[in-house]
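Let me begin by presenting the structure, written as C-alpha cells, before commenting on it.
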Amino acid sequence: MGSTEAGKVLLGLAFIIGLILLYFLPAIIAGRRRNPDEKQIMILNVFLGWTFVGWVIALIWAYKEHPKK
C-alpha cells in the first residue's frame, strides 16, 4: 500500500469517525451539560437520530435549560 493509498484510508476513517460523532452530538451535549433527561435523549438519538427531525429534536432537547436542584 503506497503512502497515497494510506492517506486516503486515514482520511476516510477520519471522515467516518466525524460522521459518527456528529450523529451522536445531541447525546454528547446532553452528557456534557448534565441534562437530567440524558438517557432519554440518548435513546431518541439512537433510534430516531437517522431521521433529520429526530436528530434536531434531540439536539434542541439537549440544549434546553433545566431547573437547578
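A compact table of results
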{"quantity": "GluC sites (Glu not before Pro) lying in DSSP loop within the range 3-69, provided at most 15 other Cβ fall within 10 Å", "calculated": "65"}
{"quantity": "Solvent-free Debye scattering, log10 I(q)/I(0), computed from the Cα coordinates of the range 3-63 at q = 0.20 Å⁻¹", "calculated": "-0.67"}
{"quantity": "Highest-MSF residue in the chain out of 25, 59, 11 [GNM, Cα springs under 10 Å]", "calculated": "11"}
{"quantity": "Net charge dipole size for the chain [Lys, Arg +1 and Asp, Glu -1 on Cβ; Debye, nearest 20]", "calculated": "360"}
{"quantity": "Cut-off 13 Å between beta-carbons: net charge of the residues surrounding residue 24, Lys and Arg +1, Asp and Glu -1", "calculated": "0"}
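Read the figures in this text as sums done on the coordinates, not as results from a lab. Source: prediction; values computed, not measured. Heads up, the Cβs are rebuilt from the backbone with ideal geometry, glycines too, and the neighbour counts pull from every protein chain shown.
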